[in-house]
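Engineer: This is the structure, below, for whatever I ask next.
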Amino acid sequence: MLDALIPAFLRPESASVQAAKVDAIFIGLLLISSAIVLLVVGLVVTFAIRYRRGSSAKRGEMPTIVSREFEVGWTAATLFIFVFIFWWAASVEIGAFSPPKDAIEIHVVGKQWMWKTQGPSGTREINELHVPVGAPVRLLLTSQDVIHSFYVPAFRLKRDALPYQQTETWFQATKTGTYHLLCTEYCGTDHSRMVGRIIVMEPQDYAQWLTRQPERDGLAELGARLFSERGCSGCHNAGSKVHAPSLAGIWNQSVPLEGGRTATVDEAYVRDSILQPERDVVAGYEPIMPSYEGKLSDGEIQALTAYIRHGTDRFDLIGSLNLAPAQNICAPGQTPPESAPNQSLRSPAMVPGAPASGDTPP
Amino acid sequence: MSGASSDASTLANPRELDLGLPVSYLAEGRSVASWLFTTDHKRIAILYALSITFFFFIGGAAATLVRLELFTPEGNIVGADTYNKLFSLHGIVMVWFFLIPSIPTTMGNFLLPLMIGARDLAFPKLNLISWYLNMAGGLLTLAAVLAGGIDTGWTFYVPYSTVFSNTFVTLAVLGVFVSGFSTIATGVNFIATVHYLRAPGMTWFRLPLFVWAMYTTSLIFVLATPVLALTLVLVIAERTFNLPIFDPARGGDPILFQHLFWFYSHPAVYIMILPAMGVISEVITCYARRRIFGYSFMVYALVAIAVIGFFTWGHHMFTSGMSPFAALVFSFLSFIVAVPSAIKVFNWTATLYRGQIGFESPMLYALGFLGLFTMGGLTGLFLASVPIDVHVQDTYFVVAHFHYIMVGASVSAYFAGLHFWWPKVTGRMYPESWARFAALLMFFGFNLTFFPQFIAGYLGMPRRYYTYPPEFQVWNVLSSSGAAVLAVAYLMPLGYLTWSLFFGGRALNDPWNATGLEWRTTSPPPRQNFFGNPQVLAPPYDYHPEATPPGDEPRIAEKGALT
Amino acid sequence: MSAGGDLIEKTAERHLREPWDELGLAGDRAFAYQRAGATFGIWIFIASEVLFFGALFLLYTAMRLEHAADFAIAARETNIVYGTLNTALLLTSGLCAAIASQASEQKGLQRLTLWCLGATVLLGLAFMAVKGVEYREDIEKHLLPGASFALKEPTTQLFFGFYWLATSIHAIHLSIGIALVVRLIWKEWREPGFLFESPQVEVAMLYWGFVDMIWIVLYPMLYLDGRAG
Amino acid sequence: MSERSRTSIGRIWRRGLIVWVLLLAFLALSLFAAYAAPASWAAPINFGIAATQAALVALLLMRLDRADALVRLAAACGLFWLAILFALTLTDTLSRLANS
């Protein structure tokens, strides 16, 4: 019904739950503002004509109290209107703040000048993102170099991707189709070419598309499999009846141990806890875990470690996605450390006159 | 003091009252040194006028190239890097070397002492130093441009500016840093002048609104600029000395940079608009022949904007990853700051009621200001609403919004003031019909340039794109054609105002029949501004509080034309 | 005081500047007015400087909140002896500056004014010397952020980034203060009696007091964190 | 040197020295607190002492105590705007920290 107010060519595509709500506020605000503009311009034009120099309009006396009453009146009126708009906009914002629990989780990494995404089953894409229609999708964003901003006009969705930090947002597409994905935080030479596509598909098409993606088991995925195959999940999962500490989000955290000590969860601690579980028992738990000495290979321990760290360590999100680490970060005029394995990944922005990377989207 | 001068050249018209003043400030010394080492606030204002005009056309040239490039969706006139340098140059030069100094350092410098009946600013030497600092900053920035340019945008966001950009960021940032001292010095000077040098009888609530606008602007100068200065020092330190500060790779927080940057840069918008509001209050009252409607509310609104303006910077950061709680707080405060602006618009409109409205060129600019400022202000409400801002942040919607305020409103007011006080400053009249044509052309060109950008932005076109998806082309073509019109409109005053300096008719002391102390001296005023000590006996805008009788109108000697 | 007597009589004329000399007030009243204006001017500038350093302190506050543990580790590495000594030096110089400012307003205290200004400069220079020695030691201990930084915790470098920045910005301010005071002494030497009732003494001393206050706040930030336990 | 100037010298010095002794005492106190107070208390104590010292300098050495109302207003403005900067920035920083 609101759509009727704006002709189609002036309306951006609206393809998410949030888009409809934003458009409603937008149109409401547009109506209020137009009314105010019309009022002001109308009065100015009327006065300008009626009281033009030398016109015959009557210019009688004005009572002095009018001024004060008018002032108070329109101060209160504007304040009321503005607070009302704030309340409306804020309530929409608060209502849409946290994503539904069952949302599909997608990691997004911005890099000069491309978007890399990784879906729930490890499907990776560059400058493209396939999502099913009607399902909430939660985006976890980060960046490898500078600040980028993930913008999908059709979803009224925008969130900055910050280097070494994680931000998040979510959407729920309502219409199948292909939509622009744009970078809106200026990020250097090819900022305007850092564009891609969001492809919204019917759920069954999406499922089919997923199966066509090449299997790409990373270390963490292997760890996830081991975690259930070797029985770790039997005790450490949230719903387990055995009293064992949950391992979600503990990477890099410090945990209290028996005897008042604390330990930081890192590779060494995880390895020790698998091989010599009775040594550093977390305070409040019984030493019931058997040792896995000789039962797990070094590679398998690494995979489990990768799984525990996966997604919990914001500093290592890029590592867990198996994307190039941010070795290109160095001060101007400096070279990256000698040990940097992939010099070629250095941002083209660091090399004057270097051509932009070739991934121009269709 | 040389006493009464019988030199007829001080008077435009033999029928005018001879105020017995010595020769004008323009005639006191003609050497270059007499200008470069002057401590006369009026001459320093002229120096500023020359430098900001120079920077205005540099920034304008960059904007022309930007609009030319955006005519087509493909990048085909300049390269991506050049484009990035052009919009950065446009932003940096226009913000710090044109808009921020524009009205305060030219009209403010010239008129503030005149309007309060003072001989000069409180610290005349500091005033001169601040012009040199401004020039030094501008030249450093230009040096960065000549050396190869800077491509960070005017916002210098980290870590792009500190770690990734290969351009001459340090030099340009240093330029802005130096010009900051100039701004602070001007602010200190204005505040001290208003407090200490008002003429007898010039009480706070008799100050012209232009003086109030200068005073509140100075408040922002003094309290916001240092935060920018420190932020820029941090950028320079991180870039030059490799100190870890904002670099996220070493634990720094880039969002903190944005807080510090916008703590200055949001109030900076009010630095640009408050002086414009002051000018408009003077012009509208004069050509409507009416006392300003609700003087005290106009004063409260100026102060409220200056103070509350400091609370709202976070609305530039809704999508930045700032905490959603803070976003709501900033959203609320941003709505509140719109209230005093609305009050001002209503009061200007009400001032027209029952006036004798004339449409001389300053009034045309002022009426244009009213419309454009209302548009710009109301679109600000869209940006203060978090969900809408998430959609239009960093799109052309934002570009259009702030150009409506900073160019539509602020530059219109600058031209309104320029035409209004031109006779006082130069002692010459400009060709009125040309000025009216330029005013109308500017209004038309401006709307053609920037209104389509609202639509492009709402449809989703991001800013700082040098190639863009082809569906946005129609809006960009409209916008670029408007820019061509606007360019012509901006060049016209340069032509006819320069012409008037040599061939314009002599101005009367008070050609507009205006009130205000600045009209109670010769055009142009002498070095000492006044003879004896002016006394103020009445409130400002002493036009016609009740009904305006016919025949009360400006007394322009001749409505000149270029022929 | 016969030497400067004649000069002192003409105080107002000596110090009165444009545009304050044309206010139409009697000489001494105009001068008192100009003096108040100058004091007000420098206080506005100090308010501005408060925001300048305030932004710096905000940076510290935010970084310390985000990385409290590493900041404690890093702060332990600064040399508390030099830091405390410097604080004491600067506090003492603040005393001399205040005495100089008050003495300059009274007849017959020019000698005291001059001595106190001299002491202020010397203490300021002593501060700079100690700071220089401290800087050398810091460099030798590899506390300059960069590849060869001494501490292994990553965000300890943030602390030292702040340390170098804050101390050098403060040192620049202090140098400006020293230059201002040296200029006053030089003026008095060129033109005996200049200091008496000169608004410039008060302005310079207020600036000095402000620089003092900044160090008072920097001291617990840079030297006292992480010392307990 | 006249009697009058001698008494005024005495007054100036007496007042200044008292402030100076107080400042140094506070310095010693904060040094002591840094080592002796429990870690969580040390920071508030030290910054509290620093604020007191700064206030002493501002009021008694920079003579805010006898300054014009206008001058005090200028100083208060500096502090008020500082409070805005801190309050609103930390609103964001602290709530982000609390959520992470």
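Engineer: Which of the residues belonging to the range C:188-229 are of a type in the set (A, V, I, L, M, F, W, C), out of contact with any His (no Cβ under 7 Å at 6 or more places or on another chain) and closer than 15 Å to C:S93 by Cα?
Structural biologist: Residues satisfying the conditions are C:V201, C:A204, C:M205, C:L206, C:W208, C:F210, C:M213, C:I216.
Engineer: When residues of the range A:254-275 are filtered for being surrounded by 13 or more Cβ atoms within 10 Å (Cβ to Cβ), in a loop (DSSP other than H, G, I, E, B) and without any contact (Cβ under 8 Å) to a residue 40 or more places away in the chain, how many remain?
Structural biologist: Qualifying residue count for the region: 1.
Engineer: Continuing with the same structure: State all residues of the range B:455-486 that are surrounded by fewer than 23 Cβ atoms within 10 Å (Cβ to Cβ), over 22 Å from B:N76 (Cα atoms) and touching a residue at least 24 places away in the same chain (Cβ under 8 Å); if no residue qualifies, say none.
Structural biologist: Answer for the range B:455-486, where residues must be surrounded by fewer than 23 Cβ atoms within 10 Å (Cβ to Cβ), over 22 Å from B:N76 (Cα atoms) and touching a residue at least 24 places away in the same chain (Cβ under 8 Å): just B:V485.
Engineer: Moving on. Looking at the range B:145-163 only, could you name the residues that are buried (at least 24 other Cβ atoms within 10 Å of the Cβ) and free of Cβ contacts under 8 Å to residues at least 40 places away in the same chain?
Structural biologist: B:Y160
Engineer: Right, here's the next one. For A:P290, work out the one condition from (1) surrounded by 13 or more Cβ atoms within 10 Å (Cβ to Cβ); (2) modelled with pLDDT of 80 or more; (3) not aromatic (F, W, Y) it doesn't fulfil.
Structural biologist: Single failed check for A:P290: (1).
Engineer: Starting from residues that are of a type in the set (S, T, N, Q) and either crowded, with 19+ Cβ neighbours inside 10 Å or touching a Cys at 6+ places or on another chain (Cβ under 7 Å) (or both), keep the ones in the range A:76-115 and report whichever is farthest from B:T467 (Cα to Cα).
Structural biologist: That would be A:T78.
Engineer: Checking B:Y430 against (1) in a helix (DSSP H, G or I); (2) closer than 21 Å to B:T53 by Cβ, only one condition comes out false. Which one?
Structural biologist: With respect to (1) in a helix (DSSP H, G or I); (2) closer than 21 Å to B:T53 by Cβ, B:Y430 is out only on (1).
Engineer: While we're on this one: Residues of the range B:287-314 being surrounded by fewer than 23 Cβ atoms within 10 Å (Cβ to Cβ), in contact with a helix residue (DSSP H, G or I) (Cβ under 7 Å, 6 or more places away or on another chain) and within 14 Å of chain D (Cβ to nearest Cβ), which ones?
Structural biologist: B:V303, B:I308, B:F311
Engineer: Is there a residue in the range B:488-505 that is in contact with an Asp or Glu (Cβ under 6 Å, 6 or more places away or on another chain) and not in a helix (DSSP H, G or I)?
Structural biologist: The answer is yes, given that some residue of the range B:488-505 is in contact with an Asp or Glu (Cβ under 6 Å, 6 or more places away or on another chain) and not in a helix (DSSP H, G or I).
Engineer: Which condition number in (1) crowded, with 21+ Cβ neighbours inside 10 Å; (2) more than 14 Å from chain B (Cβ to nearest Cβ); (3) modelled with pLDDT of 95 or more is the one that C:S175 fails?
Structural biologist: (1)
Engineer: I would also like to ask the following. Looking only at the range B:331-376, which residues are under 19 Å from the mean Cα position of the chain (by Cα) and among the β-branched types (V, I, T)?
Structural biologist: B:V345, B:T374
Engineer: Picking from C:E134, C:E77, which residue would you name as being acidic (D, E) and part of a helix (DSSP H, G or I)? Explain how you work it out, then say what you get.
Structural biologist: Details: C:E77 fails: part of a helix (DSSP H, G or I).
The unique qualifying residue is C:E134.
Engineer: Related question: When the residues of the range B:315-371 are narrowed to those that are in a loop (DSSP other than H, G, I, E, B) and aliphatic (A, V, I, L, M), which ends up farthest from the other protein chains (Cβ to nearest Cβ)?
Structural biologist: Pass one, the range B:315-371, residues in a loop (DSSP other than H, G, I, E, B): B:317-323, B:353-356, B:358-360.
Keeping just the survivors that are aliphatic (A, V, I, L, M) gives B:317, B:322.
Working: B:M317: 8, B:M322: 5 Å.
Filtering first and then ranking leaves B:M317.
Engineer: Which residue pairs have Cβ atoms under 8 Å apart, sit 6 or more places apart or on different chains, and have a first residue in the range C:23-35 that is surrounded by 14 or more Cβ atoms within 10 Å (Cβ to Cβ) and a second that is aromatic (F, W, Y)?
Structural biologist: From residues that are surrounded by 14 or more Cβ atoms within 10 Å (Cβ to Cβ), the pairs are C:L23/C:Y33; C:L25/C:Y33; C:A30/C:W20; C:F31/C:W20; C:Y33/B:Y196; C:Y33/C:W20; C:Q34/C:W20.
Engineer: Could you pull out the residue among C:L184, C:L151 that is buried (at least 21 other Cβ atoms within 10 Å of the Cβ) and either in contact (Cβ under 8 Å) with a residue 60 or more places away in the chain or within 14 Å of chain B (Cβ to nearest Cβ) (or both)?
Structural biologist: Being buried (at least 21 other Cβ atoms within 10 Å of the Cβ) and either in contact (Cβ under 8 Å) with a residue 60 or more places away in the chain or within 14 Å of chain B (Cβ to nearest Cβ) (or both) holds for just one of C:L184, C:L151, which is C:L184.
Engineer: Could you tell me whether B:F402 is in contact (Cβ under 8 Å) with a residue 12 or more places away in the chain, touching a helix residue (DSSP H, G or I) at 6+ places or on another chain (Cβ under 9 Å), surrounded by fewer than 23 Cβ atoms within 10 Å (Cβ to Cβ) and not in a helix (DSSP H, G or I)? I'd like the intermediate steps shown before the answer.
Structural biologist: Working: in contact (Cβ under 8 Å) with a residue 12 or more places away in the chain: yes; touching a helix residue (DSSP H, G or I) at 6+ places or on another chain (Cβ under 9 Å): yes; surrounded by fewer than 23 Cβ atoms within 10 Å (Cβ to Cβ): yes; not in a helix (DSSP H, G or I): no.
Here the answer is no, as B:F402 does not meet what is asked.
Engineer: Look through B:F444, B:F437, B:F450 and report the one residue that is more than 14 Å from chain A (Cβ to nearest Cβ), at pLDDT 95 or above and crowded, with 24+ Cβ neighbours inside 10 Å.
Structural biologist: Within the list B:F444, B:F437, B:F450, the selection yields B:F450.
Engineer: For the range B:163-173, give me the residue count where each residue is outside any loop (DSSP other than H, G, I, E, B) and more than 17 Å from B:F257 (Cβ to Cβ).
Structural biologist: Taking the range B:163-173 and keeping what is outside any loop (DSSP other than H, G, I, E, B), we get B:163-164, B:169-173.
Right, trim to more than 17 Å from B:F257 (Cβ to Cβ) and you get B:171.
Selection size over the range B:163-173: 1.
Engineer: Whether any residue in the range B:413-422 is surrounded by fewer than 22 Cβ atoms within 10 Å (Cβ to Cβ) and either among the basic types (K, R) or in contact with an Asp or Glu (Cβ under 8 Å, 6 or more places away or on another chain) (or both) is what I want to check.
Structural biologist: Checking the range B:413-422: not a single residue is surrounded by fewer than 22 Cβ atoms within 10 Å (Cβ to Cβ) and either among the basic types (K, R) or in contact with an Asp or Glu (Cβ under 8 Å, 6 or more places away or on another chain) (or both).
Engineer: For the range B:54-131, which fully contained helices (runs of 4 or more DSSP H) count at least 2 residues that are surrounded by fewer than 23 Cβ atoms within 10 Å (Cβ to Cβ)?
Structural biologist: Helices (runs of 4 or more DSSP H) meeting the threshold: B:80-92.
The values are calculated or read from the model by the stated rules, or taken from the named source; none is laboratory data. Everything quoted here is computed from the prediction, not taken from an experiment. Positions of Cβ are generated from backbone atoms using ideal geometry, with glycine treated the same way; all protein chains shown enter the neighbour counts.
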